[in-house]
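J.: I'd like to ask some things about the structure below.
Please treat every number below as a calculation from the coordinates, not as lab data. Everything quoted here is computed from the prediction, not taken from an experiment. Every residue, glycine among them, receives a Cβ derived from its backbone with ideal geometry; neighbour counts consider all protein chains shown.
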C-alpha cells in the first residue's frame, strides 16, 4: 500500500507531518536515490533517505483494537471538563506505542471505533483513496421519501463541501422516528448528521456498526474492547486495496 511521503516520515518518527513536508520542500529527503518532491508517495519497496540514513517504518507488531464506544465519551486524547475519553477504555502496555485512533466519532455517537499502534496503517485506513466504507445505524425524526433518498446518494453541498451516502436503506418506523442503515466512504466531521439535517430529518440516535469488513459484534458490550485477529487485520488491508 502506498502512502504520502510526509506521512511515512512522520510515522517513522522523523518529525511532525508538517515538519516532514518542510524537509521535503528543502530537498533533504531522497527516494530511490533521487531528491523527493512534495506529493511523492512511497511503498515498503522504496528506499527513503534522510541525512544519509535509510528511514524505515518503526519495527512494531501491527495491532488493531476495536472499541464499542459509549455515547458521552470524547474521541480525543485531550481532557475537557473531566469527560471520559476513548483511550480510558483501551488496554495499556509499556511495550507498545501509544494507540492511534483510526477516525473519530462525535461525543453523542456510539459504536465501533478502531485503534492501532501503527501510524502508517492508521493513515492507510483513513485515506480517501482506500475507499473503506463505514456503516451507521441511524434513528431520525421526520418524513422520508424517494426524493430525499436520491439527494442523499447524489450529494448535498453543505458549507461549500459535498457530502453523500454510498447507500441508505430505510427500516422500521417507531412512532415519529424511523430507523436507517447509512453507508459512506469518508470520515468528515458529523457528516451523517449533516446529511440527514440537510433534508429535514433530525437524528436522535447514531451508532457505527461496521468499518469496512469489520462489524461491531453483538457480544461486545459498550465500553469494552478486544484485539482484532490476524485474519481480521488482513481482511481490512485487502478491503481497502479492492475498493
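J.: Within 10 Å of each residue's Cβ, count the other Cβ atoms and sort 88, 133, 106 from fewest upward.
T.: Listed from fewest to most nearby Cβ atoms, that is 88, 106, 133.
J.: Most exposed first by the Cβ proxy, i.e. fewest other Cβ within 10 Å, how do 215, 115 rank?
T.: Listing 215, 115 from fewest to most nearby Cβ atoms yields 215, 115.
J.: Further question on the same structure: Could you work out the relative contact order of the range 12-94, using alpha carbon pairs under 8 angstrom and six or more residues apart, expressed as a whole percent?
T.: It comes to 18 percent, rounded to a whole number.
J.: Hey, in the GNM for the chain with a 10 angstrom Cα cutoff, which one of 124, 50, 136 fluctuates hardest?
T.: Top of the fluctuation ranking is 50.
J.: Any chance you could get the radius of gyration and Dmax over the Cα atoms of the range 133-211, in Å?
T.: Rg then Dmax for the range 133-211, in Å: 11.4, 35.
J.: With the cut-off at 1.5 for a/c, could you classify the chain from its C-alpha gyration tensor as rounded, prolate or oblate?
T.: prolate
J.: I would also like to ask the following. For the chain, set up a Gaussian network in which alpha carbons nearer than 10 Å are linked by springs, and say which option among 72, 119, 33 fluctuates the most.
T.: 33
J.: Of the peptides 201-207, 23-29, how do they stack up when ordered by the mean number of other Cβ atoms within 10 Å, highest first?
T.: Numbers: 201-207: 17.9, 23-29: 15.9.
Top to bottom by mean Cβ count within 10 Å: 201-207, 23-29.
J.: Further, regarding this structure: Over the range 99-243, what is the relative contact order in percent, taking alpha-carbon pairs closer than 8 angstrom and at least six residues apart? Walk me through the numbers on the way to the answer.
T.: Numbers: 240 pairs, mean separation 43.9, N = 145.
Relative contact order, the range 99-243: 30 percent.
J.: Would you mind checking the radius of gyration and Dmax of the range 71-161 based on alpha-carbon positions, in Å?
T.: When restricted to Cα atoms, the range 71-161 yields Rg and Dmax of 17.0, 53 Å.
J.: Given 20 °C and 1.002 mPa s, compute D for the range 3-54 with the Stokes-Einstein relation, Rh being the Kirkwood radius over Cα pairs; round to the nearest whole µm²/s. Intermediate results must be reported in sequence, preceding the final value.
T.: On the way: Rh = 10.5 Å.
Roughly 204 µm²/s, to the nearest whole number.
J.: Within the chain, what percent of beta bridges assigned by DSSP are antiparallel, to the nearest 5?
T.: 95
J.: Just grab the label-to-label distance for residue 205 and residue 25, each label 7 Å out from Cα along the Cβ direction, in nm (one decimal).
T.: Output for this residue pair reads 4.9 nm.
J.: Can you show me the helix-derived [θ] at 222 nm for the chain, built from DSSP H runs with n ≥ 4 at -39,500 (n - 2.57) apiece and divided by the number of residues, rounded to the nearest 500. Working shown, then result.
T.: Numbers: 6 runs with 54 residues, N = 243.
It lands at -6500 deg cm²/dmol.
J.: What order do you get for 99, 179 when you list them from fewest to most C-beta neighbours inside 10 Å?
T.: 179, 99
J.: Normalised by the residues of the range 152-234, what does the relative contact order come to in percent, with Cα pairs under 8 Å and at least six apart? All intermediate terms of the calculation are to be shown ahead of the outcome.
T.: Working: 72 pairs, mean separation 15.2, N = 83.
Once normalised by length, the contact order is 18 percent.
J.: Additional query: What is the Cα centroid distance between the range 25-42 and the range 180-242, reported in whole angstrom?
T.: What the calculation gives is 35 Å, centre to centre.
J.: Let me ask something else. With springs only between Cα atoms under 10 Å apart, run a GNM on the chain and tell me which of 38, 161, 169 wobbles the most.
T.: Of 38, 161, 169, the Gaussian network model singles out 161 as fluctuating most.
J.: What distance in nm separates the two pseudo spin-label positions at residue 46 and residue 167, each 7 Å out from Cα along the beta-carbon direction?
T.: About 3.4 nm separates the two model spin labels.
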